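Comments concern the structure below.
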Amino acid sequence: MSSPVSTSARTTVLRWREGGPALFAQEVLGARPTEQQKAAGRALVERRRVTIRSGHGTGKSAFMAWCVLWFQSCFFPCKVPCTAPTGHQLSDILWAELAAWHRKMRDAVPQLGGEFEWSSERFTLASHPQESFAVARTSRPERPEALQGFHSDHVLFLIDEASGVPEVVFQVAE
């Protein structure tokens, strides 16, 4: 028989799964998602695919970091390959954003945030680092295999600045 705590935790995770990354970010991270971020989160849950076209400073990188934290927290096992056309976009923007939100997660909910380890290229579930992780891989025409070979019960591809990612990379991911 399950304890009330595990039943409560399971119920919460299922609600976050259905509510998406914006709900997760609001409840766990204390974020205040915009309507665009909420809509993107709903689309991700409902259609399992979302594209976001917008200018700079609209919260796309924050949303993508929330997606990593949400997916890693709600789905096991999982793999989250993240790519962008440049190393700068990955390490200085997306991965830096992920590090900042992970710190907030550790501060806000230490028992959940402490389950994960962040490094400059990987974000892992500490107890199962080979089964549940996010990785940063630069996409280049000469290296289309950046998103190839990721297999798990749950996979989420995050492609930042997708207009700069070669079409062959999308084909490999499919």
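The values are calculated or read from the model by the stated rules, or taken from the named source; none is laboratory data. These figures come from a predicted structure and were not determined experimentally. Neighbour counts are summed over all protein chains in view; Cβ atoms, including those assigned to glycine, are modelled from backbone coordinates with ideal geometry. Ligands, DNA and RNA are stripped out before the accessible areas are found, and what is left, the full protein with its side chains, is counted by its heavy atoms. Shrake-Rupley method; radii C 1.70, N 1.55, O 1.52, S 1.80 Å.
Here segment 127-167 is the region considered, the condition is being more than 16 Å from the chain's Cα centre (by Cα) and at pLDDT 85 or above, and the residue that is surrounded by the most Cβ atoms within 10 Å (Cβ to Cβ) is H128.
Each residue in segment 15-44 was checked for being without any contact (Cβ under 8 Å) to a residue 12 or more places away in the chain and in a helix (DSSP H, G or I), and 6 of them qualify.
The condition (being crowded, with 22+ Cβ neighbours inside 10 Å, modelled with pLDDT under 95 and within 17 Å of the chain's Cα centre (by Cα)) is satisfied by just one residue among G41, G59: G41.
At negative phi and buried (at least 19 other Cβ atoms within 10 Å of the Cβ): does that describe A25? First the steps, then the outcome.
Details: at negative phi: yes; buried (at least 19 other Cβ atoms within 10 Å of the Cβ): yes.
Spelling it out, A25 is indeed at negative phi and buried (at least 19 other Cβ atoms within 10 Å of the Cβ).
Residues in segment 106-140 that are closer than 17 Å to A96 by Cβ, basic (K, R) and touching a residue at least 24 places away in the same chain (Cβ under 8 Å): R137 alone.
Looking at this structure, is T11 part of a helix (DSSP H, G or I) and either at pLDDT 90 or above or open to solvent by less than 90 Å² (accessible area, probe 1.4 Å) (or both)? First the steps, then the outcome.
Values: part of a helix (DSSP H, G or I): yes; either at pLDDT 90 or above or open to solvent by less than 90 Å² (accessible area, probe 1.4 Å) (or both): yes.
Yes; evaluated as a whole, the condition is true for this residue.
Looking at R122, is it over 22 Å from L23 (Cβ atoms), open to solvent by 50 Å² or more (accessible area, probe 1.4 Å), basic (K, R) and modelled with pLDDT of 90 or more?
yes
Taking segment 78-116 as the range and being within 18 Å of H128 (Cβ to Cβ) and open to solvent by 30 Å² or more (accessible area, probe 1.4 Å) as the test, the residues that pass are K79, Q111, L112, G114, E115.
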